[in-house]
Structure formats: structure tokens, C-alpha cells
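*Asks:* Okay, handing you the structure first.
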Amino acid sequence: MRPNWIVVGALAGLLGVGFGAFGAHGLEGRATPEQAEWWATGAHYHLVHALALVLYGLVATRGGRGLAGWSFVLGIVLFSGTLYAMALGAPRWLGAITPIGGVALMVGWLAFALQARSVARE
């Protein structure tokens, strides 16, 4: 069964807003400026890619295997997730995983572009 990428994106957006609000209010006075910046960066990329998932869902209804969607999800988990974890005090070595999430996000955009191009040709 194929995921409904619009629903996945909407739920990712819900979580992104919640995480963003937690970072703005729940971490206030508890996090260092560096940790607050990590959190803000994670929430920003999380929300941008939640929207990307919704947009992808509009294109993915025709063809494709979901590579873009899965790459966006993996990227959110690895990129934003490691930044969130480090902001909460997890070991800094997790920062070595963050770029893998960034590459997953980039793969998602490339796969999205290729699928959109093939849909436009139909």
C-alpha cells in the first residue's frame, strides 16, 4: 500500500509546528544559544520539508515509486531529529549523522524533480 504523501506531509507539518513551539517556549532559558539555534534550524527544515511532502503528494498521484517522499521523511528524521536531540543534550557526535539527513533531503528534491518532469511529459 502506498503512503498518502499529502497526509504524511500534513502530519509532519503538525509535528513541525509543535516542535517549533516547544523550541521557542519550552527551551527558553534552558538551552544555550547554540542549542536554541540547532533547534530552530531543525524546526525550519522540518516544516519546509513537510510542505515538500504535501506538494509531492499532489504530483505522486501519477507514477513514481515514492523515492522523493521516503527521502524527505528520512531527511526530516535524520537532519532535524539529530539537531533536536543535540539541542536536548544528546552527544555532539550525533552531528556527524546530520549531513546524511541533508543528503536524503537533497535526494528527495532530485527525485521529485525527475518525477515531476516525467509527469509533465505525459
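*Asks:* What tally of residues in the range 3-26 results from selecting those that are out of contact with any helix residue (DSSP H, G or I) (no Cβ under 6 Å at 6 or more places or on another chain) and touching a residue at least 60 places away in the same chain (Cβ under 8 Å)?
*Replies:* Here the count works out to 1.
*Asks:* Cβ contacts < 7 Å: first residue under 27 Å from Gly29 (Cβ atoms), restricted to the range 69-88; second residue surrounded by fewer than 22 Cβ atoms within 10 Å (Cβ to Cβ) and among the β-branched types (Val, Ile, Thr), any location; separation 6+ or different chain. Result?
*Replies:* Phe79/Thr98; Thr82/Ile97; Thr82/Thr98; Leu83/Thr41; Leu83/Thr98
*Asks:* Checking Glu34 against (1) without any contact (Cβ under 8 Å) to a residue 40 or more places away in the chain; (2) under 12 Å from the mean Cα position of the chain (by Cα); (3) closer than 15 Å to Ala87 by Cα: exactly one of these is not met. Which one?
*Replies:* (2)
Okay, residues lined up against (1) under 14 Å from Ala12 (Cα atoms); (2) of a type outside the set (S, T, N, Q):
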{"residue": "Gln35", "(1), (2)": "no, no"}
{"residue": "Leu53", "(1), (2)": "yes, yes"}
{"residue": "Trp70", "(1), (2)": "yes, yes"}
{"residue": "Val77", "(1), (2)": "yes, yes"}
{"residue": "Thr82", "(1), (2)": "no, no"}
{"residue": "Leu114", "(1), (2)": "no, yes"}
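Bear in mind that the values in this text are calculations on the coordinates, not laboratory data. All values reported here derive from a predicted model rather than from experimental measurement. All Cβ positions, even for glycine, are placed from backbone atoms using ideal geometry, and neighbour counts span all protein chains on display.
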